[in-house]
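Read the structure below first, then the notes.
Just so it is clear, none of the values below were taken in a lab; they were calculated from the coordinates. The model shown is predicted, which means the values in this text are computed figures rather than measured ones. Cβ sites come from the backbone with ideal geometry, for glycine too, and all protein chains shown count toward neighbours.
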Amino acid sequence: MTGAPGGRDTGAEAGSLGADFSFSDTVAGTVVDLGSDWIRLRCVDGRPLTLRLTDTTSAQLLRNLGAPYEDVSGRLHEVLRPGRFLFSHGPVHAEPGGGFTFQAGHLTVAGEGGRAFAFESPGWWVEQLRQLARFYRRAQFGTGPVDFDHYRTEIRAGGGRSDLHVQETDTISRLVYGMATAFMMTGDEDFLEVAERGAQYLRDHLRFHDPESGVLYWYHGVDRSGSRERKLFASEFGDDYQAIPAYEQIYALVGLTQTYRVTGDPRLLHDIEGTVGLFERYFADHRLGGYYSHIDPVSLSPHDPALAGNRSRKNWNSIGDHAPAYLINLYLATGEQRHARMLEHTFDMITAHMPDPDSPFVQERFHGDWSPDRTWGWQQDRAVVGHNLKIAWNLTRMHHLLPKPQYRELAHRLARRLPAVGRDRQRGGWYDLLQRRPDAHGRHAFVWHDRKAWWQQEQAILAYLILAGHTGDTGFLEQAREAAAFYNAFFLDHDEGGVHFTVTAQGIPYLVGNERLKGSHAMSMYHKAELCYLAEVYTRLLIEREPMELWFRPHQQARYPQDVLRVAPDLLPPDRVRLDQVAVNGLPYHDFDPEALTVALPAGKERLTVRVRLVPVRKDLRGDHR
């Protein structure tokens, strides 16, 4: 491709298409130079490309949820300095002699002034989560009391509840996680009320507990369409129909565990521990390691013939999803070594069985003996891009707790290989499902489409942020910034609120079928809240080296091991963060351990509000590649 002014890109042959051929497309890149009617970019994969400006080119600054539109069309040459990152959407014309001309119809500029990326400003992710929490609070309960009898799994694009009366356990739990996390970041007790009422609703309506046998598990959901509620024991979802899938039990804990971190509620800890016992008793393979993906709802056996294609199977979700969904947070809240050992086991299984020397992607599905299963259902021999990113992210977190060469090596190998195969190298953003094996042209073909889902962007942002924070590698930081820019530019719904489920490759919201919903079997508030929380943690404490605050609200009967509140925000690199200040019920409090990140809670009968200030420890990252 030439970098010549005028907008012509001669690197693509287009003559056979005819001179009148055109389409619209998006380009992402960094400004290299600009003239009166052109911008020379370096695309996200390093290619040069020239955009043609016209007298109708419009431009805006990247904006957060709840922020007003800020037009910069009249001061483009002030805003577009070399080094500025932007997205351009507009017509692309095929030229008679070959190549394309890219016309800048609308520009979205990632930042201005001294802040190249607006989302690195203090509080960006906090405010985004505040807006998300308000959206879901209003969508589910309006402005009145929080009553989970009226909760609905499906939320329409504009925030209205659908007529589907089935309340799914996992989506309630994901909402509870989001609200508890929103409280942790803002101190807004309205969000905590939603979380606590939701956690109690799960316990009252969706939990099965047999004290004699010690079995505790969670119903798939409850149907509230009639005068009586009808429990849905096994999964109603197609892939898992009439089975108890591990991932549903895993995600039942996501909200309970985050709420326990905040409140210390011993009832929640009891149910969390009981469900962990379910995993160890019925899902665990004590001979070959790992956890089976499904058990039969009658026999509670993973080997029951009634499970059909899910019989004696293991997969990424049943092994790896424990860590991000609840187990890391459970360890952070309790410091219990048995939870650290379970984490170690899951990550040892990932590094032992999932890498594939013949593919840049991991293997995700297995038979009971750990032999790869490349014929299962929709997955076949296909790669979920977000799962690979999730492995790189969580291996890095675990490496901070228990450094092992195999954790670091697989995380770095995936992180370095994935951009070439899973990322959109012209527009930015990350794809969904790809063939694990390349075709004759060396491409990993799309399975169904080239759309981009919201949760896979989260995995990319968090993976590359934590890798950048751990190593100081500017290449990782560049990947994180590009992913965060795409997410913030195209997934935030500034008209209706919330986040779009899917966008097209060009970044246009895909509002068809279930993908137009803001709440569904696949979407509630978990991934969006997790992104806001950890992006703020990693950006403030590891990248920008700035302080941040968190809130906790321990019950009078709070039960934390050793009666200490553990306030570590995540599994971060050792000795990189310290606890600087603590306030209890608004007053300075000094009984805390700055290095251990723990607070000795005062005795008393009143409920406490604990606000903590975490600060980064200055450290030279050169050579920090343990």
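Points to keep in mind about this one:
- Cβ crowding within 10 Å averaged over residues, with 128-140, 271-283 ranked highest first: 128-140, 271-283
- Inter-label distance for Asp439 and His286, nm, one decimal - labels placed 7 Å from Cα along Cα-to-Cβ: 4.9
- Three-way shape call for the stretch 510-626 based on the alpha-carbon gyration tensor, with the a/c threshold at 1.5: oblate
- Centroid-to-centroid separation of the stretch 69-85 and the stretch 553-622 [C-alpha atoms, Å]: 42
- The Rg/Rh ratio of the chain, with Rg taken over Cα atoms and Rh as the Kirkwood radius over Cα pairs, comes to 0.97.
- Dividing the summed -39500 (n - 2.57) terms of all DSSP H runs of n ≥ 4 by the residue count of the chain sets its mean residue ellipticity at 222 nm at -10500 deg cm²/dmol.
- Cα gyration tensor shape of the stretch 352-488, rounded if a/c is under 1.5, else prolate or oblate by comparing a/b with b/c: oblate
- Filtered chymotrypsin sites (Phe, Trp or Tyr not before Pro), the stretch 343-436: DSSP coil and at most 13 other beta carbons within 10 Å: Trp378
- The slack in the chain from His209 to Asp55, taken as 0.36 nm per residue of separation less the alpha-carbon distance, amounts to 48.7 nm.
- Using the Cβ-Cβ distance between Gln581 and Asp20 with R0 set to 60 Å, the FRET efficiency from 1/(1 + (r/R0)^6) comes to roughly 0.35.
- Selection among Gly160, Gly187, Val215 by position relative to the dipole of the stretch 154-295 gives Val215 as farthest towards the positive end (Cβ unit charges, Cα centre).
- Averaging Cα coordinates gives a centre for the stretch 250-269 and one for the stretch 498-550; these two points are 21 Å apart.
- Averaging the Cα positions of each part gives two centres, and for the stretch 23-53 and the stretch 414-477 these lie 22 Å apart.
- Environment charge at Ser359 (Cβ cut-off 10 Å; Lys +1, Arg +1, Asp -1, Glu -1): 0
- Net charge dipole, the chain: roughly 660 debye, given to the nearest 20, about the Cα centre with Cβ charges of +1 for Lys and Arg and -1 for Asp and Glu.
- Isotropically averaged projected area of the stretch 345-426, using the convex hull of Cα atoms (one quarter of hull area), nm²: 6.0
- Of all DSSP-defined beta bridges confined to the chain, some 95% are antiparallel rather than parallel.
- Cα shape, the stretch 48-161, gyration tensor, a/c 1.5 rule: prolate
- Each of Leu511, His555, Asn585 was placed along the dipole of the stretch 499-595 (beta-carbon charges, centred on the mean Cα), and the one lying farthest toward the positive end is Leu511.
- Database remark: amide H of Leu571 closer than 5 angstrom to no amide H (H placed geometrically; neighbours at sequence offset of 5 or more, or on other chains; Pro and chain starts carry no H).
- Net dipole in debye of the stretch 468-533 [+1 Lys, Arg Cβ; -1 Asp, Glu Cβ; about Cα centre; nearest 20]: 140
- Local electrostatic count at Ile250 - Lys and Arg +1, Asp and Glu -1, tallied over other residues with Cβ under 10 Å: -3
- Charge dipole magnitude, Cβ of K and R +1, D and E -1 - the stretch 226-384, Cα centre, debye nearest 20: 300
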